Amino acid sequence: PWVYGFYCEGVDCAGKVCWIYRPAADPDDRNRSWYVNADTVGRFTGLQDASGVDVYEGDIVEAEDEYSTVRGVVRFGRIPTAGFGFHGNHIGFYIAWADDGANRWSEWWRCDIGFWIEENGACVVGNIYDNADLLPDDGED
(Lines give C-alpha, C1' and ligand atoms only; values in the text may rest on other atoms or scores of the structure.)
Protein backbone atom coordinates (compact mmCIF):
# COMPACT_ATOMS: atom_id res chain seq x y z
CA PRO A 1 0.00 0.00 0.00
CA TRP A 2 1.09 3.57 -0.67
CA VAL A 3 1.61 5.96 2.23
CA TYR A 4 1.70 9.74 2.12
CA GLY A 5 3.65 12.09 4.35
CA PHE A 6 7.11 13.54 4.89
CA TYR A 7 10.18 11.68 3.62
CA CYS A 8 12.90 11.20 6.25
CA GLU A 9 16.34 9.58 6.27
CA GLY A 10 18.50 8.52 9.15
CA VAL A 11 21.03 5.98 10.35
CA ASP A 12 20.53 3.20 12.86
CA CYS A 13 22.75 0.29 13.87
CA ALA A 14 21.87 -1.51 10.62
CA GLY A 15 22.80 1.48 8.45
CA LYS A 16 20.79 3.99 6.46
CA VAL A 17 17.04 3.86 6.94
CA CYS A 18 14.25 5.78 5.21
CA TRP A 19 10.73 6.33 6.37
CA ILE A 20 7.59 8.30 5.69
CA TYR A 21 6.32 10.32 8.65
CA ARG A 22 2.79 11.62 9.01
CA PRO A 23 1.87 13.75 12.01
CA ALA A 24 -1.37 12.93 13.77
CA ALA A 25 -4.39 14.92 12.61
CA ASP A 26 -5.87 14.85 16.09
CA PRO A 27 -3.77 15.72 19.20
CA ASP A 28 -5.08 12.57 20.91
CA ASP A 29 -3.82 10.35 18.09
CA ARG A 30 -0.30 9.05 17.67
CA ASN A 31 2.08 10.19 14.95
CA ARG A 32 2.62 7.51 12.33
CA SER A 33 5.70 6.41 10.42
CA TRP A 34 6.48 3.65 7.92
CA TYR A 35 9.84 2.30 6.80
CA VAL A 36 10.10 2.50 3.02
CA ASN A 37 12.38 1.61 0.15
CA ALA A 38 13.84 4.97 -0.90
CA ASP A 39 13.78 3.90 -4.57
CA THR A 40 9.97 3.81 -4.51
CA VAL A 41 9.39 7.28 -3.06
CA GLY A 42 7.81 9.71 -5.51
CA ARG A 43 7.47 13.44 -5.02
CA PHE A 44 4.10 15.10 -5.56
CA THR A 45 4.19 17.42 -8.60
CA GLY A 46 1.47 19.72 -7.29
CA LEU A 47 -0.63 18.83 -10.34
CA GLN A 48 -3.73 16.75 -10.94
CA ASP A 49 -4.53 15.06 -14.23
CA ALA A 50 -7.73 15.58 -16.22
CA SER A 51 -9.53 13.05 -13.95
CA GLY A 52 -8.46 14.78 -10.73
CA VAL A 53 -5.78 12.20 -9.86
CA ASP A 54 -2.69 13.57 -8.08
CA VAL A 55 0.42 13.26 -10.26
CA TYR A 56 3.62 11.91 -8.65
CA GLU A 57 7.16 11.26 -9.78
CA GLY A 58 7.20 7.70 -11.18
CA ASP A 59 3.65 7.86 -12.52
CA ILE A 60 2.99 6.69 -16.07
CA VAL A 61 0.96 9.21 -18.04
CA GLU A 62 -0.76 8.83 -21.38
CA ALA A 63 -1.23 11.70 -23.82
CA GLU A 64 -2.37 12.05 -27.38
CA ASP A 65 -2.35 14.49 -30.22
CA GLU A 66 -4.24 14.32 -33.49
CA TYR A 67 -1.86 11.66 -34.83
CA SER A 68 -0.87 9.32 -32.02
CA THR A 69 -1.03 8.27 -28.39
CA VAL A 70 2.12 7.89 -26.32
CA ARG A 71 3.00 7.04 -22.71
CA GLY A 72 5.77 8.41 -20.56
CA VAL A 73 7.11 8.49 -17.02
CA VAL A 74 7.00 11.53 -14.74
CA ARG A 75 10.57 12.35 -13.70
CA PHE A 76 12.34 15.08 -11.72
CA GLY A 77 15.65 16.57 -12.78
CA ARG A 78 17.20 18.51 -15.64
CA ILE A 79 14.52 18.84 -18.29
CA PRO A 80 15.49 17.41 -21.70
CA THR A 81 15.07 19.60 -24.74
CA ALA A 82 12.76 17.74 -27.14
CA GLY A 83 14.44 16.35 -30.23
CA PHE A 84 17.95 17.47 -29.45
CA GLY A 85 19.07 14.84 -26.92
CA PHE A 86 20.58 17.28 -24.44
CA HIS A 87 19.40 18.89 -21.24
CA GLY A 88 18.61 22.55 -20.80
CA ASN A 89 19.21 24.66 -17.73
CA HIS A 90 15.77 24.06 -16.23
CA ILE A 91 15.21 21.65 -13.36
CA GLY A 92 11.80 20.32 -12.39
CA PHE A 93 9.20 17.71 -13.23
CA TYR A 94 8.99 16.51 -16.82
CA ILE A 95 7.70 13.58 -18.84
CA ALA A 96 10.21 11.10 -20.27
CA TRP A 97 8.30 9.77 -23.28
CA ALA A 98 8.62 6.06 -24.03
CA ASP A 99 9.56 4.90 -27.52
CA ASP A 100 7.35 1.94 -28.36
CA GLY A 101 8.72 1.65 -31.90
CA ALA A 102 5.35 2.55 -33.42
CA ASN A 103 5.50 6.25 -32.61
CA ARG A 104 8.66 7.56 -34.23
CA TRP A 105 7.80 11.13 -33.21
CA SER A 106 7.80 10.58 -29.41
CA GLU A 107 11.38 11.92 -29.11
CA TRP A 108 10.16 15.22 -30.54
CA TRP A 109 7.27 15.65 -28.10
CA ARG A 110 7.55 18.43 -25.55
CA CYS A 111 8.65 17.17 -22.12
CA ASP A 112 7.24 19.93 -19.93
CA ILE A 113 4.65 18.34 -17.67
CA GLY A 114 2.44 21.41 -17.30
CA PHE A 115 1.79 21.54 -21.04
CA TRP A 116 0.52 17.96 -21.14
CA ILE A 117 -1.29 17.78 -17.80
CA GLU A 118 -2.87 21.23 -17.72
CA GLU A 119 -3.26 22.05 -21.42
CA ASN A 120 -3.81 18.69 -23.15
CA GLY A 121 -5.53 16.46 -20.60
CA ALA A 122 -2.84 13.80 -20.13
CA CYS A 123 -3.95 11.15 -17.62
CA VAL A 124 -2.18 8.95 -15.09
CA VAL A 125 -2.59 5.31 -16.18
CA GLY A 126 -0.33 3.67 -13.58
CA ASN A 127 3.15 3.87 -12.09
CA ILE A 128 6.52 2.28 -12.75
CA TYR A 129 6.38 0.16 -9.60
CA ASP A 130 2.98 -1.49 -10.00
CA ASN A 131 2.40 -1.20 -13.76
CA ALA A 132 5.76 -1.40 -15.53
CA ASP A 133 4.07 -3.55 -18.19
CA LEU A 134 2.35 -0.40 -19.50
CA LEU A 135 5.68 0.75 -20.93
CA PRO A 136 7.67 -0.84 -23.75
CA ASP A 137 10.45 -3.14 -22.58
CA ASP A 138 13.48 -1.08 -23.55
CA GLY A 139 15.73 -1.96 -20.63
CA GLU A 140 14.79 1.19 -18.69
CA ASP A 141 12.09 1.74 -16.06
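The values are calculated or read from the model by the stated rules, or taken from the named source; none is laboratory data. Model, not experiment: these values are computed from the prediction. Neighbour counts run over all protein chains shown; Cβ positions are idealised from the backbone, glycine included. Each accessible area value is taken on the protein alone, full model and side chains, heavy atoms only, with ligands, DNA and RNA left out. Shrake-Rupley method; radii C 1.70, N 1.55, O 1.52, S 1.80 Å.
Conditions (1) within 30 Å of residue 121 (Cβ to Cβ); (2) modelled with pLDDT of 85 or more; (3) touching a helix residue (DSSP H, G or I) at 6+ places or on another chain (Cβ under 8 Å), marked per residue:
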site: 12; (1), (2), (3): no, no, no
site: 20; (1), (2), (3): no, yes, no
site: 23; (1), (2), (3): no, no, no
site: 38; (1), (2), (3): no, yes, no
site: 57; (1), (2), (3): yes, yes, no
site: 64; (1), (2), (3): yes, no, no
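Looking at 50, 25, which one is part of a loop (DSSP other than H, G, I, E, B) and over 30 Å from residue 134 (Cα atoms)?
Just one listed residue meets the conditions, 25.
Tally time: how many residues in the range 1-27 are among the small types (Gly, Ala, Ser), surrounded by fewer than 10 Cβ atoms within 10 Å (Cβ to Cβ) and either touching a strand residue (DSSP E or B) at 6+ places or on another chain (Cβ under 7 Å) or in contact (Cβ under 8 Å) with a residue 40 or more places away in the chain (or both)?
The qualifying residues number 1.
Give the residue that is modelled with the lowest pLDDT, with candidates limited to residues of the range 95-113 that are part of a helix (DSSP H, G or I) and touching a strand residue (DSSP E or B) at 6+ places or on another chain (Cβ under 6 Å).
Filtering the range 95-113 for residues that are part of a helix (DSSP H, G or I) and touching a strand residue (DSSP E or B) at 6+ places or on another chain (Cβ under 6 Å), the one modelled with the lowest pLDDT comes out as 106.
For the subset of the range 114-133 comprising residues that are in contact (Cβ under 8 Å) with a residue 60 or more places away in the chain, more than 20 Å from residue 36 (Cα to Cα) and not in a loop (DSSP other than H, G, I, E, B), which member is most open to solvent (accessible area, probe 1.4 Å)?
118
Filter the range 58-67 for residues that are open to solvent by 40 Å² or more (accessible area, probe 1.4 Å) and of a type outside the set (Ser, Thr, Tyr) and give the result.
62, 64, 65, 66 - these are the residues of the range 58-67 that are open to solvent by 40 Å² or more (accessible area, probe 1.4 Å) and of a type outside the set (Ser, Thr, Tyr).
Working carefully through the options 70, 74, find the one that is under 21 Å from residue 125 (Cα atoms), open to solvent by less than 40 Å² (accessible area, probe 1.4 Å) and more than 14 Å from the chain's Cα centre (by Cα).
After applying the criteria, what remains is 70.
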